[in-house]
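Right, one structure below, let's go through it.
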Amino acid sequence: MMGGMASEETRTMTSTPTPIRSSAGTETEAESAAPATRAWMTRLVVVGIVLTAVNLRPAITSLGALLEEVRDGLGMSGSVAGLLTSVPPLCFAVFGVMAPRLARRFGPGAVVCAGMAAIAAGLAIRPYAGNTAGFLAATALALMGIAVSNVLMPVIVKSWFPERVGSMTGLYSMALALGTSAAAAVTVPMTDALGGSWRSGLVVWAGLAAVAVLPWTVLARGRGAGAESGGAGSAPQRHSAGSSVGTGSVPHEPDALRITRSRTAWALAVFFGLQATAAYITMGWMAQIFRDAGVPAGTAGLLLAVTMVMGVPLAFVIPRLATRLPHQGPIVVALGVCGLAGYAGLYLAPAGGAWAWALLLGVSNCAFPLALTMVGMRARTGAGVAKLSAFAQSAGYLLSIPGPLLVGVLYQHSGGWGLPLALMAGLMIPQIAVGILAGRNRTVEDEAARRSRA
């Protein structure tokens with residue numbers, strides 16, 4: 001349009017053609033440079049998402065691999081060690097609530113950048129804290145960074161890739177599963193290679209988190225006028241060259257959204273909590289179930305690794321499939337049936353069908369990427385996704401805290417796995433029910449608005 005104006009001025013003001021041609025030419029160069037800038041920044045966002053996802057679980061699984069050595073090194077009591085295993089979901093719930101407010105003020109990209117820096121700092125400090133209190137404090141710092149990044153990843157995916165929520169959530173979930181399983185698998189051999197000190201085995205993961213800071217540092221610097229006016233929730237701003245590359249402030253206008261007035265939000269929160277409960281129980285107790293059935297310790301650990309690795313390919317496939325369906329209920333049911341079959345197998349023939357049960361529970365645990373995908377699908381705006389993600393994850397992680405502890409209590413008092421497995425199977429039924437409700441094709445904004453008018 002400006003080029004047309006310049007041509008008109010050239011015809012009517014022949015005495016000054018050169019400056020106007022120069023102005024039009026400058027605009028043409030800017031317009032031609034904009035697609036290249038967007039493409040470069042988009043690639044950088046993809047790199048940032050992948051690196052962030054890889055760093056969201058090693059702080060937990062690397063510690064689990066060396067927990068006995070850490071307990072001996074710090075003189076940590078068994079009760080404190082048990083508390084340590086419950087700290088992650090508690091921190092995810094408490095600190096995740098802060099993420100939307102921080103994102104509105106500083107921009108999602110800047111908050112994720114700070115989150116990665118907090119993970120790196122916490123993982124670097126905790127092996128050398130010198131006592132249990134310092135170790136717990138540094139661990140909480142790292143978990144705080146994980147919590148805010150957990151909540152904001154769906155926001156950034158929705159902002160940058162509104163037409164590819166499924167595929168990008170799949171990529172993110174696959175990278176998260178890869179980081180989880182890799183930390184569990186390589187921490188012990190890497191510790192041996194570094195001289196056998198548990199401190200060396202834990203501190204190396206701080207380097208991986210530091211690498212993840214770099215792309216977000218570049219992206220966070222782009223937060224400018226475009227971000228303030230549009231940010232994550234505005235489609236025109238998402239695709240404009242000056243929109244802070246999709247990492248700017250979450251827009252302010254949807255602040256009136258009352259997320260607790262949405263039945264879908266509650267269903268998604270409970271679904272998230274129950275799937276997290278199943279995942280933490282599996283990670284914490286499945287190897288022990290196999291060992292109690294006579295499976296060698298090394299094989300039991302390998303079976304757990306197989307369960308975790310199943311999330312790598314399926315975390316990419318399931319979100320893509322979910323976005324192509326108007327209702328995600330059938331996927332919820334399929335994953336739930338796999339979980340029920342796995343629990344039944346652990347009860348009836350834990351050693352005889354060990355590999356089958358590990359595979360089935362690995363499939364069932366892929367309810368996590370499905371939950372993340374539904375977060376992106378059940379809200380229309382970036383701000384809505386931010387509020388829904390914070391609510392579902394915070395409430396869900398709070399709900400998941402008692403599960404692993406209750407399984408331990410039942411196991412200790414009953415002397416077997418019958419009651420714990422019955423609890424796990426019993427929790428799968430409401431998980432399927434609320435997952436079907438959360439999978440309905442509706443948005444939290446529309447539900448909240450209807451309830452406000454009622």
Subset of region 413-426 [more than 19 Å from residue 293 (Cβ to Cβ) and surrounded by 20 or more Cβ atoms within 10 Å (Cβ to Cβ)]: none
Which listed residue is closer than 17 Å to residue 127 by Cβ and touching a residue at least 60 places away in the same chain (Cβ under 8 Å), from 184, 209: 209
Residue check, residue 283 against (1) under 16 Å from residue 406 (Cβ atoms); (2) modelled with pLDDT of 85 or more, all met but one. Which one? (2)
The lone exception for residue 404 - which of (1) in a helix (DSSP H, G or I); (2) farther than 29 Å from residue 296 by Cα; (3) under 24 Å from the mean Cα position of the chain (by Cα) it fails: (2)
Condition first: open to solvent by 30 Å² or more (accessible area, probe 1.4 Å) and touching a Gly at 6+ places or on another chain (Cβ under 7 Å). Now tell me which residues in region 325-334 satisfy that. 327
Condition check: part of a helix (DSSP H, G or I) and surrounded by fewer than 16 Cβ atoms within 10 Å (Cβ to Cβ). Does residue 337 satisfy that? yes
Kindly evaluate residue 362 against the criterion of being in a helix (DSSP H, G or I), open to solvent by less than 10 Å² (accessible area, probe 1.4 Å) and within 28 Å of residue 296 (Cβ to Cβ). yes
Please determine whether any residue of region 178-196 is buried (at least 22 other Cβ atoms within 10 Å of the Cβ), out of contact with any strand residue (DSSP E or B) (no Cβ under 8 Å at 6 or more places or on another chain) and at pLDDT 90 or above. no
Return a yes/no flag: does region 291-311 have any residue that is modelled with pLDDT of 90 or more and either hydrophobic (A, V, I, L, M, F, W, C) or in contact with a strand residue (DSSP E or B) (Cβ under 6 Å, 6 or more places away or on another chain) (or both). yes
For region 41-56, which positions are charged (D, E, K, R) and in contact with a Ser or Thr (Cβ under 7 Å, 6 or more places away or on another chain)? none
List pairs: first residue in region 150-170 and in contact (Cβ under 8 Å) with a residue 12 or more places away in the chain, second residue outside any helix (DSSP H, G or I) anywhere in the structure, Cβ distance under 6 angstrom, at least six positions apart or on different chains. 168/161
If a residue has to be part of a helix (DSSP H, G or I), open to solvent by less than 60 Å² (accessible area, probe 1.4 Å) and closer than 27 Å to residue 279 by Cα to count, how many in region 427-454 make the cut? 10
All positions within region 393-412 that are over 30 Å from residue 263 (Cβ atoms) and either of a type in the set (Lys, Arg) or open to solvent by 50 Å² or more (accessible area, probe 1.4 Å) (or both): 409, 411, 412
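Mind checking which helices (runs of 4 or more DSSP H) fall wholly inside region 64-168 and carry at least 1 residues that are of a type in the set (Lys, Arg) and crowded, with 23+ Cβ neighbours inside 10 Å? Don't jump to the end; show me each part of the working.
Details: elements: 67-74, 78-96, 99-106, 108-125, 132-160.
In region 64-168, 132-160 are the helices (runs of 4 or more DSSP H) which contain 1 or more residues that are of a type in the set (Lys, Arg) and crowded, with 23+ Cβ neighbours inside 10 Å.
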In region 282-315, which residues are touching a Pro at 6+ places or on another chain (Cβ under 8 Å) and crowded, with 17+ Cβ neighbours inside 10 Å? 284, 285, 289, 290, 295, 311, 314, 315
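The values are calculated or read from the model by the stated rules, or taken from the named source; none is laboratory data. The shown structure was predicted, so the numbers you read here are calculated from the model rather than taken from an experiment. Glycine also receives a Cβ, built like all others from the backbone with ideal geometry; neighbour counts cover every protein chain displayed. Ligands, DNA and RNA are excluded from the accessible area calculation, which covers all protein heavy atoms including side chains. Shrake-Rupley method; radii C 1.70, N 1.55, O 1.52, S 1.80 Å.
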